[in-house]
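This report refers to the structure that appears directly beneath it.
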Amino acid sequence: MEHTEPHEGAAILHYQPHHQGNMAFTGKYEFESDENYDDFVKAIGLPSEKVEMGRNCKIVTEVVQNGNDFTWTQHFPGGRTTTNTFTIGKEADMETMGGKKFKATVKMEGGKVVADFPNYHHTAEIAGGKLVELSTASGVTYKRTSKKIA
């Protein structure tokens, strides 16, 4: 039985949307809804002035994925941005939304991007065309859903 390589082109393109491909995360996403915000910010000890600032914050998350390389930028109202650049499986210098710098190794588990931040565990996935992020600290899970805008 001879082995033939699949032809480049239509067949591959046809299947692209159905699995977590090379650029599944690429896009621009705008905050749509969240759950457990207050309990979560208490769990991580966020200062009260930051708590109000972050409530229902219309963050726009911009992701550029090229295989295992990611640039993950969050644009906050008022012009502030945070950008983290990382490669799956390699330690990277990261920054929290609050501006704290730390080192983390980001992993890919079942199509989800997974990272341990200094005081919480974070996952991000594309589900139903939306960016769904879960942050867990002290047994409290904060869920943020963002809709794709570009």
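Points to keep in mind about this one:
- When residues of the stretch 58-80 are limited to those that are touching an Asp or Glu at 6+ places or on another chain (Cβ under 9 Å) and not charged (D, E, K, R), the one nearest to Lys42 (Cα to Cα): Ile59
- Those residues of the stretch 21-55 which are farther than 21 Å from Asn119 by Cα and either touching a residue at least 24 places away in the same chain (Cβ under 8 Å) or in contact with a Phe, Trp or Tyr (Cβ under 7 Å, 6 or more places away or on another chain) (or both), in sequence order: Asn22, Met23, Ala24, Phe25, Thr26, Gly27, Lys28, Tyr29, Glu30, Phe31, Glu32, Ser33
- Of the helices (runs of 4 or more DSSP H) that lie entirely inside the stretch 1-116, those containing 2 or more residues that are closer than 24 Å to Lys147 by Cβ and at pLDDT 90 or above span 37-43.
- Single residue of Thr81, Thr96, Thr145, Thr85 found to be loosely packed, with under 14 Cβ neighbours inside 10 Å and within 14 Å of the chain's Cα centre (by Cα): Thr85
- The number of residues in the stretch 81-104 that are charged (D, E, K, R) and closer than 20 Å to Ile44 by Cα comes to 4.
The values are calculated or read from the model by the stated rules, or taken from the named source; none is laboratory data. Remember, predicted model here, so these are calculated numbers, not experimental data. Cβ: placed from backbone, ideal geometry, glycine included. Neighbour counts: every protein chain shown.
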